[in-house]
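All remarks here apply to the structure that follows.
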Amino acid sequence: MPILSKLTGFIGAEIECLSLSETISGSGAEFLKRSLAEHQVLVLRDQYLTSPQQKALTRVFGPAMQLRYVSPLEDDPEIIAVLKEASEIGGGVFGGEWHADFSFLENPPAGSILNAVEIPDVGGDTVWASQTVAYRCLPDALKSVVDGRNAVHVGKPYGVKHAPPAETRANASIRMTRGDPDADRETFHPAVITEPITGAKALFLNPIYTTRLDGMSEEESLPVLQEIYRHCTRPDFSCRHKWQAGDVVIWDNRTTLHYATNDYDGHRRLLYRTTFSGAAPR
Ligand code: SIN
């Protein structure tokens, strides 16, 4: 029987006594999906998944996505190598700002899975912040701005103008596609969405892709969004994972934001990422 222990008061759970390399039964799949909906981030240690095993796990949650904005492995369009080489010193890192993955798509990924292969002795942790708790604790004055309102998401230039300069955003080992018209147009999503299994409401705003709130200009939106981002990335709402090779972490991309820490220059870090889709955010 799998054993689940919460990682913090608000977000994250570690699951033990469940091998993801074996075929996952119907009840195992239901357990994983419900646990993800309830805890938003699931950590499973010592899994050492092969690519086919990671892809099979991904399909437990939904159809695997192929995201053309980040170059995948040459021999597998479903898998991205999240890699920073030891030689990449002084630059940015992939995912090194608070974000959810690809919210500028009509149907952004429902969740993602990272499978750790090579991890520095120290550093390279990933942090997630619960957007259901952030919504629950949002001051009423801000709730009245976002409730019932859409927000505008734009992929261009994969880190909009309010984000740090491009050279600090990604690292050389990961190739990103720029100038794709599908990503660069405005996409509207509700600023507050409902997690379909638990019914919990979550903020769905993205510090790197949300350009403005619907009905407001970018200039009017900026101070409101900045105040919301300060709130929704509070350490109180977050959990931090210290990786070891063999770890698998699964997260809900709709009800969390995540952040890759960049404190391990001179050390190689490699994880494989897959992404699954779900119904459009509502
Ligand atoms: C990501 O944003 O998907 C990468 C997270 C990480 O490398 O820790």
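The values are calculated or read from the model by the stated rules, or taken from the named source; none is laboratory data. Keep in mind that what you see is a predicted model, and the values were worked out from it rather than measured. Every residue, glycine among them, receives a Cβ derived from its backbone with ideal geometry; neighbour counts consider all protein chains shown. Accessible surface areas use protein heavy atoms only, side chains included; no ligands, DNA or RNA. Shrake-Rupley method; radii C 1.70, N 1.55, O 1.52, S 1.80 Å.
Here Ser19 does not fit the description of being more than 19 Å from the chain's Cα centre (by Cα), of a type in the set (Gly, Ala, Ser), farther than 14 Å from Ala116 by Cβ and open to solvent by 70 Å² or more (accessible area, probe 1.4 Å).
Restricting the range 69-103 to residues that are more than 16 Å from the ligand (Cβ to nearest atom) and in a loop (DSSP other than H, G, I, E, B) leaves a set whose member that is surrounded by the most Cβ atoms within 10 Å (Cβ to Cβ) is Pro77. When you scan the range 262-271, do you find a residue that is open to solvent by less than 10 Å² (accessible area, probe 1.4 Å), farther than 15 Å from Glu118 by Cα, within 11 Å of the ligand (Cβ to nearest atom) and not small (Gly, Ala, Ser), even just one? No.
Of the set (1) in contact (Cβ under 8 Å) with a residue 24 or more places away in the chain; (2) within 16 Å of the ligand (Cβ to nearest atom); (3) farther than 20 Å from Gln244 by Cα, all apply to Val145 but (2). Residues of the range 213-226 that are at negative phi and open to solvent by 20 Å² or more (accessible area, probe 1.4 Å): Asp214, Met216, Ser217, Glu218, Glu219, Glu220, Leu222, Pro223, Val224, Gln226.
The listed residues are Ala191, Ala183, Ala202, and the only one of them that is crowded, with 19+ Cβ neighbours inside 10 Å, without any contact (Cβ under 8 Å) to a residue 60 or more places away in the chain and away from the ligand (no atom under 16 Å from the Cβ) turns out to be Ala191.
Filtering the range 272-282 to residues that are hydroxyl-bearing (Ser, Thr, Tyr) and either within 12 Å of the ligand (Cβ to nearest atom) or part of a strand (DSSP E or B) (or both) leaves Tyr272, Thr274, Thr275.
Each row is one residue, and each column tells you yes or no for (1) in a loop (DSSP other than H, G, I, E, B); (2) at pLDDT below 90.
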{"residue": "Gly179", "(1), (2)": "yes, yes"}
{"residue": "Asp182", "(1), (2)": "no, yes"}
{"residue": "His189", "(1), (2)": "no, no"}
{"residue": "Leu205", "(1), (2)": "yes, no"}
{"residue": "Met216", "(1), (2)": "yes, no"}
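The criterion of being modelled with pLDDT of 95 or more, within 12 Å of the ligand (Cβ to nearest atom), crowded, with 16+ Cβ neighbours inside 10 Å and under 15 Å from Ile208 (Cα atoms) does not hold for Ala170. For the range 249-261, residues that are more than 11 Å from the ligand (Cβ to nearest atom) and either at pLDDT below 95 or touching an Asp or Glu at 6+ places or on another chain (Cβ under 9 Å) (or both) total 3. Restricting the range 113-122 to residues that are within 11 Å of the ligand (Cβ to nearest atom) and within 17 Å of Arg240 (Cβ to Cβ), which is farthest from the chain's Cα centre (by Cα)? Out of the qualifying residues, it is Ile119.
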